[in-house]
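Every read-out reported here was derived from the displayed coordinates using simple, explicitly stated rules and does not represent laboratory data. Since the structure is predicted, the reported quantities are computational estimates derived from the model, not experimental observations. A quick note on method: Cβ atoms are made from the backbone with ideal geometry, for glycine too, and the neighbour counts reach across all protein chains shown.
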Amino acid sequence: MAWYNYLFFPLIGFIGMFCGGFWSVGCGWLIVPTMLIFGFQPMEAVGAALFQMVLSTAPTVLKEIKTVSWGKRSLMRGLALPMALGVVLTAFSGRLINAYLYDKFGSKALLSIFAFVMLFIGLKSIFGKTETNQNLIPHFTKGQSLIAFLCGMMTGILSSLLGISGALIFRPVIINGFKVAEKLAAKAIRFLLLVATVSGSMFYLFDDGNFHTHILFLGILIAFGGAFGFPMGVKYGKIVVRKGYVKILQKSFGSIILIIITNTVLNLCGLVSFSRYLMIICAFVLFAFINIFTLYTIKNPRQYI
């Protein structure tokens, strides 16, 4: 690949992580197809996508850690930490299951599982009930913490098995399952996104006793844009919540799920190249939507519903 093509990656990192920051999720759905278009191997694409998320999200998450409560029954200690522990414990097993299922059933079986999981997440995000009181401070019992730990273990398996960001699963679990308000949930989701990507990317950087410097370089290159895009997307998400449009923000998360399902179906139908270019087009459309919608909420603030 010509050297000047590499200049495109910081831009993709910026747009992808801007969209990810708005909903507090990752952007592997954009980074991986883009890198495959440029001729990189799937392992390089997934590894670079995960590693750049670490670099892009770490400054924001580390800054937020100081502003959240870590009390005994708080969101972070009662929910986020058990989930994080579960993810770390099971992240590696997903790759083993992935290899077994791929050898036994082929890629279409994995894509079908992926589409089913994404459909379920999308339906929960669009139709699931959420907490409308953005100032409500939740307290979690030991039983809920145990459930959170089990959810983290399952998420670790699914995210590494299917190659998706753990935050795509954590978001509906925390917001729709545990009924945590968006204002507080977003910080916990971003913390879990960092934990999941750190644990996931290490298996790609260090594989079979080798350190892949090429994945490191690609991740850093993409993160040049992502490190600016993610905090900007987070800022825009906070503006939308503050202006009283939290429900629309939560329901619009379904757009990412719809994009991912569309990509999966196209791959199942053999339209692989078309699906990759479609992801790039969708990313630019989402980028425009977020900017226009945020500007609208600034000019038309309303009370919480």
* Structure fact -> The extension gain from Phe8 to His139, computed as 0.36 nm times the residue separation minus the Cα-Cα distance, is 42.7 nm
* Gaussian network model of the chain, springs between alpha carbon atoms under 10 Å - residue of Val285, Val46, Val272 with greatest fluctuation -> Val285
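How much length would be gained if the chain were fully extended between Leu295 and His214, taking 0.36 nm per residue of separation minus their Cα-Cα distance, in nm to one decimal? Display every interim value, and only then the final one.
Details: separation 81, 0.36 × 81 = 29.16 nm, distance 3.92 nm.
Extra length from Leu295 to His214 when fully extended: 25.2 nm.
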* Asked: If the cut-off is a Cα-Cα distance under 27 Å, which lysines reach Lys243, setting aside same-chain residues fewer than 8 apart in sequence?
  -> Lys63, Lys66, Lys124, Lys129, Lys179, Lys183, Lys187, Lys235, Lys251, Lys299
* Take the Cβ-Cβ distance between Leu268 and Ala58 as r, set R0 to 30 Å, and report the resulting FRET efficiency rounded to the nearest 0.05. => 0.30
* Asked: Given C-alpha coordinates of the chain, what is the ratio Rg to Rh with the Kirkwood estimate of Rh?
  -> 0.95
* To do: Would you mind computing, in nm to one decimal, how far apart the modelled labels at Lys247 and Asp103 are, each placed 7 Å from Cα along Cα→Cβ?
  => 5.1 nm
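Over the range 152-304, calculate the relative contact order: mean separation of alpha carbon pairs under 8 Å at least 6 apart, over the residue count, as a percent. Before the final figure, lay out each step's value.
Details: 82 pairs, mean separation 30.4, N = 153.
About 20 percent, as a whole number.
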* Show the residues, 5+ positions off or on another chain, whose built amide H is closer than 5 Å to the amide H of Asp207. => His212
* Structure fact -> In nm², the average projected area of the convex hull spanned by the Cα atoms of the range 46-103 is 5.2 nm²
* To do: Name the residue, out of Thr294, Thr130, Thr141, whose mean-square fluctuation peaks in a Gaussian network model built on the chain with Cα pairs under 10 Å.
  => Thr141
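Take every Cα pair under 8 Å in the chain that's 6+ residues apart, average their separations, divide by the length, and report that relative contact order as a whole percent. Can you show the working numbers first?
Numbers: 483 pairs, mean separation 109.4, N = 305.
After rounding, I find 36 percent.
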* **Most mobile of Asn263, Asn210, Asn176 in a GNM of the chain (Cα contacts under 10 Å)** => Asn210
